[in-house]
Amino acid sequence: MKNQTKESYDELERRRRARERRQRQKRKQKRKRLLYIGTGILGLAVVLAGILWIMSLLFARNYVDLKGIEMPEWVEEDFLDPNPYSRPATEMKRVNEIVIHYVANPGTTAKQNMNYFNSLQDQTGIKKISASSHFIIGLEGEVLQGIPIYEMAYSTSKEKNVDTVSIECCHPDETGKFNDATYDSLVKLTAWLCKNLGLTEKDVIRHYDATGKDCPRYFVAHEDAWKKFLSDVKAARKQPDEAIR
Ligand SMILES: [Zn+2]
């Protein structure tokens, strides 16, 4: 009887210890789980913070206050009247590319082309034309600005118009080749815009690159002349500010 009591006591003791061991293990597992979850959350937070930080850096670097940009003296303001066909007065928040065009009307002046854009507001026909450009460079190298750079122009394509600035160039004949005065002003204006919009010549495209249109004709027909133009823009962009001011 005495032995039996001792045995059952030992058995009870054994079970109690086993229970305690199990409980200890459970607590240990719980602590481990909490540690894993905590580490996971912390890791995720670090990754998220990193992504936010990189995004803020990218945004800050590319952010340009378009309304704060003051155009140089050699750009003559000749703004179109706000109207649905050439100056819709749609605000642009950023400019990602500069698009080069030719007017496709040999011998015409910058002023004539600007007047044409402005006259579009008086259209009466059923099929209405929408067309315009931020800048037109004339045969004497004069630069007219028809639309502020923080407003959209109807120049390239529906997709491209929303975040690009356009430059139209006059030309003496059908080949579309620009004369030296027009070319020099185009290099200067494009370089100035690159500098002030936080862009480079890599962000300068032909109308042709966006839509396949034969515009600007000479630069579409002569890839080497286009490459030369881009390298001239690069050289001008790297000059001190005073040089293209
Ligand atoms: Zn064009």
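Applying the selection to the range 75-112, what residues are within 16 Å of the ligand (Cβ to nearest atom), part of a strand (DSSP E or B) and of a type outside the set (Phe, Trp, Tyr)?
Once the filter is applied, which keeps residues that are within 16 Å of the ligand (Cβ to nearest atom), part of a strand (DSSP E or B) and of a type outside the set (Phe, Trp, Tyr), the range 75-112 yields Glu97, Ile98, Val99, Ile100, His101.
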Quick one: how many residues across the range 118-148 are part of a loop (DSSP other than H, G, I, E, B), touching a Lys or Arg at 6+ places or on another chain (Cβ under 9 Å) and among the aliphatic types (A, V, I, L, M)? 1
Hey, among the residues in the range 201-213 that are near the ligand (Cβ under 9 Å from one of its atoms) and free of Cβ contacts under 8 Å to residues at least 24 places away in the same chain, which one's surrounded by the fewest Cβ atoms within 10 Å (Cβ to Cβ)? Lys213
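Within the group Lys188, Lys234, which residue is surrounded by 20 or more Cβ atoms within 10 Å (Cβ to Cβ), away from the ligand (no atom under 16 Å from the Cβ) and assigned by TED's automatic domain parsing to the domain that holds Met92?
Lys188
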Of the listed residues (Asn115, Asn179), the one being at pLDDT 95 or above and either over 25 Å from Lys67 (Cα atoms) or within 24 Å of the chain's Cα centre (by Cα) (or both) is Asn179
Return the total of residues in the range 151-175 being surrounded by fewer than 22 Cβ atoms within 10 Å (Cβ to Cβ) and within 11 Å of the ligand (Cβ to nearest atom). 2
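The values are calculated or read from the model by the stated rules, or taken from the named source; none is laboratory data. Quick caveat, the model's predicted, so the values are computed rather than measured. In this analysis, Cβ positions are derived from the backbone assuming ideal geometry, glycine residues included, and neighbour counts consider all displayed protein chains.
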